[in-house]
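One structure is given below, encoded as structure tokens.
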């Protein structure tokens with residue numbers, strides 16, 4: 001009987017130890033999830049900044065280099081398409 005009580009006590013201690021370890025792991029998981037969210041937010045901000053810088057670099061390179069006629073035509077088409085889209089958006093806003 002004494003041996004059974006000792007085994008039960010040992011089992012209870014192990015269960016308590018496992019519960020404490022489980023709680024610590026849960027806290028660690030929450031911390032890691034928050035850290036991951038922060039890193040993902042930073043990554044999105046960095047990607048947006050890179051995209052903006054690429055657009056700026058493209059604009060600067062277009063403005064500083066001499067375009068051949070095909071490039072000028074393509075650029076004019078893109079500008080015309082943007083202007084049409086802007087006009088369309090403005091007309092939708094004015095309705």
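Which number do you get for Rg(Cα) / (2.2 N^0.38 Å) in region 1-64? Don't skip to the answer; put the middle values down first.
Numbers: Rg = 27.4 Å, N = 64, 2.2 N^0.38 = 10.7 Å.
Taking N as the residue count of region 1-64, the ratio is 2.56.
Computed FRET efficiency, Cβ-Cβ of residue 57 and residue 84, R0 30 Å: what is it to the nearest 0.05? Provide the component values of the computation, followed by the final result.
Values: r = 26 Å, r/R0 = 0.86.
Efficiency for this residue pair is about 0.70.
Is the C-alpha gyration tensor of region 31-90 telling us rounded, prolate or oblate? Criteria: a/c under 1.5 is rounded; beyond that, a/b larger than b/c is prolate, otherwise oblate. Each step should come with its number before you reach the end.
On the way: a/c = 5.23, a/b = 2.10, b/c = 2.50.
Note, shape of region 31-90 comes out oblate.
Against the longest principal axis of the chain, how steep is helix 69-94, in degrees 0 to 90 to the nearest 10, with axes from Cα atoms?
Helix 69-94 sits at roughly 70 degrees to that axis.
With everything on Cα atoms, drop me the angle between helix 2-64 and the longest principal axis of the chain, reported from 0 to 90° to the nearest 10.
Tilt relative to the chain: about 10 degrees.
For every helix of n ≥ 4 consecutive DSSP H residues, a contribution of -39,500 (n - 2.57) applies; sum these over the chain, divide by its total residues, and give [θ] at 222 nm rounded to the nearest 500 deg cm²/dmol.
On the way: 2 runs with 89 residues, N = 95.
Result for the chain, helices only: -35000 deg cm²/dmol.
Computed from the coordinates by the stated procedures, all read-outs in this text should not be read as laboratory data. What you see is a predicted model, and the numbers here were worked out from it, not measured in a lab. FYI the Cβ positions are ideal-geometry reconstructions off the backbone, even for glycines, and counts take in every protein chain you see.
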